[in-house]
Amino acid sequence: QVRLVESGGGLVQAGGSLRLSCAASGRAFGNYALGWFRQGPGKERIFVAAINWGSGNAEYADSTKGRFTISRDNAKSTVDLQMNSLKPEDTAVYYCAAGMDGVSRNSDRYDYWGQGTRVTVSS
């Protein structure tokens, strides 16, 4: 059974940094894409970044490109999201997701989801 557990959320001032981590377990993820999505207050869940676990190829939302970096650690079986230069509009619950359809911005392409970790960026 696939299990995804996010950690690392918290409160940070604008301009600061946070590192989120997603611990993945339950199977080998070499053929999976792992993605991060976020849902702000009163908003829909949107794509943040995703990475192909096997190749390491990554894709980013335009709003996060250049500020966020997604990476995976095969030894720890984690996918991290390094978030720099945070803005108040980055405030959201961040979710980790896994799917076998390749890196995608479409949340429907992901089969497994974590419970989320909250990030609050104060101005």
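In the assembled protein chains, Ser17 presents an accessible area of approximately 60 Å² (probe radius 1.4 Å).
Of Ala49, Ala98, Ala28, which has the largest mean-square fluctuation in a 10 Å C-alpha GNM of the chain? Most flexible of the set in this elastic network: Ala28. The trypsin sites (Lys or Arg not before Pro) of region 8-111 that meet both conditions, a loop assignment by DSSP and at most 15 other Cβ atoms within 10 Å of the site Cβ, are Arg27, Lys43, Arg67, Lys76, Arg105.
Each of Thr120, Ala24, Ala58 was placed along the dipole of the chain (beta-carbon charges, centred on the mean Cα), and the one lying farthest toward the positive end is Thr120.
At the residue level, Ile51 shows approximately 10 square angstrom of accessible surface with a 1.4 angstrom probe and all protein chains present. Largest GNM mean-square fluctuation among Glu89, Glu44, Glu59, using the chain with Cα springs under 10 Å: Glu44.
Tell me the per residue accessible area of the chain using a 1.4 Å probe; a whole number in Å² is fine.
Each residue of the chain exposes 51 Å² on average to a 1.4 Å probe.
For region 60-66, backbone phi angles converted through the Karplus equation (6.51, -1.76, 1.60; θ = phi - 60°) give residue-by-residue couplings of 10, 5, 4, 6, 10, 4, x Hz, Gly and Pro being listed as x.
Backbone phi angles across region 94-107, fed through the Karplus curve with coefficients 6.51, -1.76 and 1.60 (θ = phi - 60°), yield HN-Hα couplings of 9, 10, 9, 9, 9, x, 9, 8, x, 4, 8, 8, 8, 5 Hz in residue order; Gly and Pro are listed as x. Give me the percent of the accessible area of the chain that comes from carbon and sulfur atoms, probe 1.4 Å, all protein chains in place. Heavy-atom surface of the chain belonging to carbon and sulfur, 1.4 Å probe: 42 percent. Under the convention that each Lys and Arg Cβ holds +1 and each Asp and Glu Cβ holds -1, the size of the dipole of region 46-123 around its Cα centre is about 180 debye. These residues, Asp90, Asp73, Asp62, go from largest to smallest accessible area, 1.4 Å probe, as Asp62, Asp73, Asp90.
Please find the FRET efficiency linking Glu44 to Ala75, where r is the Cβ-Cβ separation and R0 is fixed at 30 Å, and quote it to the nearest 0.05.
Computed FRET efficiency for Glu44 and Ala75 comes out at 0.30.
Only Lys, Arg, Asp and Glu carry charge here, each on its Cβ (+1 for the first two, -1 for the last two); on that basis region 4-76 has a dipole of about 80 debye about its Cα centre.
Here the Karplus curve 6.51 cos²θ - 1.76 cosθ + 1.60, taken at θ = phi - 60°, turns the phi angles of region 23-36 into couplings of 8, 10, 8, x, 5, 7, 9, x, 9, 9, 9, 10, x, 10 Hz, with x standing for Gly and Pro.
The values are calculated or read from the model by the stated rules, or taken from the named source; none is laboratory data. Every value quoted in this text rests on a predicted model; they were computed, and no experiment measured them. Note that we place each Cβ from the backbone using ideal geometry, even for glycine, and neighbour counts take in every protein chain shown. Just the protein is used for accessible areas: all its heavy atoms, side chains included, with ligands, DNA and RNA removed. Shrake-Rupley method; radii C 1.70, N 1.55, O 1.52, S 1.80 Å.
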